[in-house]
Amino acid sequence: MQPGNIHNQPATPQPAPPLAVSRKIKYTLAALAGIGLWFALYRQLHSIAEYLTFSLLTLEPGSRLGEAVLFFFYDTPKVLMLLTLIVYGVGVLRSFFTPERTRKILAGKRESVGNVLAAGLGIVTPFCSCSAVPLFIGFVTAGVPLGVTFSFLISAPMVNEVALVLLYGLLGWKVAALYLGTGLVIAILAGWTIGRLRMERHIEDWVREMHVNASDIPDQRLSWTERFDHGKTAVRDIVGKVWIYVVLGIAVGAGIHGYVPEGLMASIMGKEWWAVPVAVLVGIPMYANAAGIVPVVEALLGKGAALGTVLAFMMAVIALSLPETIILRKVLKPRLIAVFLGVVGIGIMLVGYLFNIII
Amino acid sequence: MEMDIDIKILGPGCKKCGQVAEMVRQVIEEHGFPAQIEEIAGLDKIAEYGVLSTPAVVIGGDVKCSGRVPERHEILQWLRKYQGTPE
């Protein structure tokens, strides 16, 4: 046994291990510098786009090609930068939430409170549409009411950060906030309505007869480094997958911006009473990436389409998709699927009408 | 006689699930673990394990992780722990 040091009194208090502290300082400085650079670049984007379009490519300001190209050069880096920042932030935020924790929070909650919680949690809980079925089964068998589960399943894909970022970047914070607010309201009310309809019998029988081992999945204690890694992975996965659609969508938007005459959209996607239902019905079987569709939405709005009609179209495309319906058919009987599509579809239509009226 | 470690990878077939299966295979080969990997894609079977998100890794009947792609060193850790060898 070594002669102990316990009798030695250090003359000065022990300093913290120098490596850990200086590393934290380095990371913090790097992060601040990164954010600073990001902002500096962001504010220069329009001037850079103008330079590229009018000086480098010597296009005419005001010409169709000129305006289209300017739109493209400005919006593409702007949206990609916003996307990277927000996806990173949300990735870190999501590391605090797991479906298992969400399930624990929601199990056994009363319907109205549960619907609100579920819709909110749908935004921050990581959700992959391929997990929709295991998640549905897991929730329902753990005692989360059917309507509450639906609130979660509606809000999760619809109120997604990519859509919100793009709406904010291309249309401003008001439209983004509107989308967020109405998306949540639809998720809450549609889920609540479905719950009231007492359609538990319309869950496929094998689901209700299932024996689920409520397995004790180890709850991760993540360090901050791991959380930041989560953000980085999210950027790599999401932006890596989505950037091409963003660029394509902006290109389409640029084309519409430069070449479609003003007011044409007002006739196709205007405020007539039939415009909203048609937009929703056309949107339901379509499935597009949020990333690709928002730039198109922006261009449509810029050409005179009515906000309510366009929002309704966008929500119908994102929230209700044929692939998701096919997947859900494994656990839901046809009537329940029809009710799901119907209730959400009507909710979206109501939102569309509302905005056409008040804006 | 030593029994093979029973490993199941749960996932309906999206890209991440394939990634996880490949990773586990590599770790097993590199370190010579005797193991049987089964990839389960049937949603009903997946739900029986109580997992809420895929891909998920089950070793010896215990769910080790779900909803993400684990790190190699985690997979190694789980396998070693299962065998009872020091991590």
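The values are calculated or read from the model by the stated rules, or taken from the named source; none is laboratory data. This is a predicted model, so every value here is computed, not measured. Cβ placement follows ideal geometry from the backbone for every residue including glycine, while neighbour counts extend to all protein chains displayed.
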- Task: Using the structure shown, decide if B:Lys8 is more than 10 Å from chain A (Cβ to nearest Cβ) and in contact with a strand residue (DSSP E or B) (Cβ under 9 Å, 6 or more places away or on another chain).
- Result: yes
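Out of all the residues in the range A:115-137, which are more than 30 Å from A:Thr225 (Cα to Cα) and within 14 Å of another protein chain (Cβ to nearest Cβ)? Outline the logic, then answer.
Our first condition is that a residue be more than 30 Å from A:Thr225 (Cα to Cα); within the range A:115-137, this holds for A:115-116, A:133, A:136-137.
If the condition is that a residue be more than 30 Å from A:Thr225 (Cα to Cα) and within 14 Å of another protein chain (Cβ to nearest Cβ), then A:Val133, A:Phe136, A:Ile137 are the ones that fit.
For A:Gly253, are the conditions met, namely being modelled with pLDDT under 85, touching a Phe, Trp or Tyr at 6+ places or on another chain (Cβ under 6 Å), closer than 28 Å to A:Leu83 by Cα and crowded, with 20+ Cβ neighbours inside 10 Å? Walk me through it before giving the result.
On the way: modelled with pLDDT under 85: yes; touching a Phe, Trp or Tyr at 6+ places or on another chain (Cβ under 6 Å): no; closer than 28 Å to A:Leu83 by Cα: yes; crowded, with 20+ Cβ neighbours inside 10 Å: yes.
When the stated conditions are applied, A:Gly253 does not pass them.
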- Query: Out of the range A:196-212, which residues are modelled with pLDDT under 80 and loosely packed, with under 11 Cβ neighbours inside 10 Å?
  - Reply: A:Glu209, A:His211
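Quick check on the range B:71-86. Is at least one of its residues among the small types (Gly, Ala, Ser) and within 14 Å of chain A (Cβ to nearest Cβ)? First the steps, then the outcome.
The initial filter retains those residues of the range B:71-86 that are among the small types (Gly, Ala, Ser), namely B:84.
Those still in the list that are within 14 Å of chain A (Cβ to nearest Cβ) too: none.
No; the residues of the range B:71-86 include none that is among the small types (Gly, Ala, Ser) and within 14 Å of chain A (Cβ to nearest Cβ).
When you check A:Leu180 against the structure, is it surrounded by fewer than 24 Cβ atoms within 10 Å (Cβ to Cβ) and within 15 Å of the chain's Cα centre (by Cα), yes or no? Step through it out loud before you land on a result.
Numbers: surrounded by fewer than 24 Cβ atoms within 10 Å (Cβ to Cβ): yes; within 15 Å of the chain's Cα centre (by Cα): yes.
It is true that A:Leu180 is surrounded by fewer than 24 Cβ atoms within 10 Å (Cβ to Cβ) and within 15 Å of the chain's Cα centre (by Cα).
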- Of all residues in the range B:11-28 being away from every other protein chain (no Cβ under 14 Å) and of a type in the set (Val, Ile, Thr), the one that is surrounded by the most Cβ atoms within 10 Å (Cβ to Cβ): B:Val24
- Message: Under 6 Å between Cβ atoms, which residue pairs at least 6 apart in sequence (or on different chains) link something in the range A:153-167 that is more than 14 Å from A:Pro295 (Cβ to Cβ) with a partner that is of a type outside the set (Ser, Thr, Tyr) and not in a helix (DSSP H, G or I)?
- Response: A:Ala156/A:Phe127
- Query: Which residue pairs have Cβ atoms closer than 9 Å, lie 6 or more positions apart in sequence or on different chains, and pair a first residue in the range A:326-345 that is within 14 Å of A:Val207 (Cα to Cα) with a second residue that is of a type in the set (Phe, Trp, Tyr)?
  - Reply: A:Leu328/A:Phe136; A:Leu328/A:Phe340; A:Val331/A:Phe136; A:Val331/A:Trp206; A:Leu332/A:Phe136; A:Leu332/A:Phe340
- Task: Might you let me know whether the range B:29-39 holds any residue that is more than 8 Å from every other protein chain (Cβ to nearest Cβ), at pLDDT 85 or above and within 24 Å of A:Val144 (Cβ to Cβ)?
- Result: no
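Kindly evaluate A:Thr149 against the criterion of being surrounded by fewer than 19 Cβ atoms within 10 Å (Cβ to Cβ) and under 15 Å from A:Leu332 (Cβ atoms). Break it down into steps so the answer makes sense when it comes.
Values: surrounded by fewer than 19 Cβ atoms within 10 Å (Cβ to Cβ): no; under 15 Å from A:Leu332 (Cβ atoms): yes.
Against the criterion (surrounded by fewer than 19 Cβ atoms within 10 Å (Cβ to Cβ) and under 15 Å from A:Leu332 (Cβ atoms)), A:Thr149 does not qualify.
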- Item | Single residue of the range A:97-114 satisfying the filter (touching a Leu at 6+ places or on another chain (Cβ under 8 Å) and more than 9 Å from chain B (Cβ to nearest Cβ)) that is surrounded by the most Cβ atoms within 10 Å (Cβ to Cβ) | A:Gly114
- Message: Test of understanding: among A:Thr182, A:Thr225, A:Thr193, A:Thr149, which residue is at pLDDT below 85, more than 11 Å from chain B (Cβ to nearest Cβ) and outside any loop (DSSP other than H, G, I, E, B)?
- Response: A:Thr225
- Members of the range B:51-67 found to be in a loop (DSSP other than H, G, I, E, B) and surrounded by fewer than 21 Cβ atoms within 10 Å (Cβ to Cβ), listed by number: B:Gly60, B:Gly61
- Given the structure, is B:Asp62 within 22 Å of A:Glu226 (Cβ to Cβ), charged (D, E, K, R) and either away from chain A (no Cβ under 14 Å) or within 10 Å of the chain's Cα centre (by Cα) (or both)? yes
- Could you please give the count of residues in the range B:25-60 that are in contact with a strand residue (DSSP E or B) (Cβ under 7 Å, 6 or more places away or on another chain) and among the acidic types (Asp, Glu)? 2
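I need the full set of residues from the range B:1-49 which are part of a strand (DSSP E or B), more than 23 Å from A:Gly138 (Cα to Cα) and either in contact with a helix residue (DSSP H, G or I) (Cβ under 9 Å, 6 or more places away or on another chain) or in contact (Cβ under 8 Å) with a residue 40 or more places away in the chain (or both), in order please.
First pass over the range B:1-49, keeping only residues part of a strand (DSSP E or B): B:5-10, B:35-40.
With the extra rule that they be more than 23 Å from A:Gly138 (Cα to Cα), the set shrinks to B:5-6, B:35-37.
If the condition is that a residue be part of a strand (DSSP E or B), more than 23 Å from A:Gly138 (Cα to Cα) and either in contact with a helix residue (DSSP H, G or I) (Cβ under 9 Å, 6 or more places away or on another chain) or in contact (Cβ under 8 Å) with a residue 40 or more places away in the chain (or both), then B:Ile5, B:Asp6, B:Ala35, B:Ile37 are the ones that fit.
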